[in-house]
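What follows is a set of notes on a single structure, which appears directly below.
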Amino acid sequence: MQLIPVQKIKKEVSRTFINEYMKPKIPVILEDFVDPESPAFTKWNYDYFKEIAGNHHVDIYGSELDSIDRVASQPIDQTTFSDYLDLIDSAPTEHRLFLFNLLNIKPELKNDLFYNDATNGKILKWLPFMFFGGQGSSTRNHMDIDMSHVFITQFQGIKRIWLFPREQSDLMYKLPYNFHSLSNIKKPDYRKYPALLYLNGYEAVLHPGETLYIPAGWWHYIQYETGGYSISVRALPSSFLEKWHGFKNLIITRNFDNMMRNIFKEKWFRYKVRIAHERGAKAAKKQRSFLI
């Protein structure tokens, strides 16, 4: 597996960003996608969040490696937002919040964000998501089901994100009808998953104020180097084919997989594992032939 650092850019005009990064699908870190003068950078902190929404109950998620046969992992516990913030502020923990939308609970917080929109109006500013995690927590390697472009901005703490193009799905042992990989790429077992040897991707280390652009359909594995939180906004895919893939994933593929899992249970999962290994072996053989 080979990883190269993601480039950082600043003050990029829309036309340049779209032509040089969005269209060719190249990940990049934007240093001022969210304006540094945004009130969020000085106003927001854990104490403030506890004051305005501390009594709100939140679902807690753990390690996703325990639920590789599901489209999304299930929450392992529930607590108050205030207690959760105390937890991640006090000690390393795998516990994290998934798609917790504090900005919908307290919509006035959206006014604390000023965007330098490099997409020429394509981002959905009205649909932000917040992600909280403790030091040592992570998400499994996955691609977003709706095929949108994603802009994830770090506000507190540091994240490390690995990215891979969709064309390398078979090398990561993508489970059929799902949108995550069977293999653990953080601690790769090259004997069990030899195709991982041929992966070529990017590594981004995201600090507060920086925004990572994740192209539509790209795989990403997110690790919390420290406890903290981020906000993501999306831009719809540009091409008709990508929009069709997103629609199909949301309406057809996901529901078909749920139906088959309910009918065949473990047998369906074993079938998907077998197909993932067969495709991985075929992809690895193809890569080896290129090297000869």
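Computed from the coordinates by the stated procedures, all read-outs in this text should not be read as laboratory data. Note that the coordinates shown come from a computational prediction; the quantities given were computed from them, not determined experimentally. Positions of Cβ are backbone-derived with ideal geometry, glycine not excepted, and every protein chain shown enters the neighbour counts.
At-a-glance table
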read-out: Per-peptide average of other Cβ atoms within 10 Å, ordering 127-133, 199-205 highest first; value: 127-133, 199-205
read-out: Global form of segment 96-247, assessed from the alpha-carbon gyration tensor, a/c cut-off 1.5; value: oblate
read-out: Straight-distance crosslink candidates among lysines, where the alpha carbon sits under 22 Å from Lys43 and sequence neighbours closer than 8 are dropped; value: Lys106, Lys110, Lys125, Lys159
read-out: Burial order of peptide ranges 241-249, 10-18 (average beta-carbon count within 10 Å, highest first); value: 241-249, 10-18
read-out: For segment 94-111, Karplus couplings with θ = phi - 60° (6.51, -1.76, 1.60), whole Hz, Gly/Pro x; value: 7, 6, 8, 10, 10, 6, 6, 9, 4, 6, 8, 5, 10, x, 5, 5, 4, 6
read-out: P(r) histogram, all alpha-carbon pairs of the chain included - 5 Å bins from 0, percent; value: 1, 5, 11, 15, 17, 17, 14, 10, 5, 2, 1, 0, 0
read-out: Nearby lysines by direct alpha-carbon distance to Lys272 (threshold 27 angstrom, same-chain neighbours under 8 apart not counted); value: Lys174, Lys186, Lys187, Lys192, Lys243, Lys248, Lys282, Lys285, Lys286
read-out: Prolate/oblate/rounded label for segment 124-185 (Cα gyration tensor, a/c 1.5); value: oblate
read-out: Cα shape, segment 160-292, gyration tensor, a/c 1.5 rule; value: oblate
read-out: Relative contact order of the chain, defined on C-alpha pairs under 8 angstrom at six or more residues apart (%); value: 25 percent
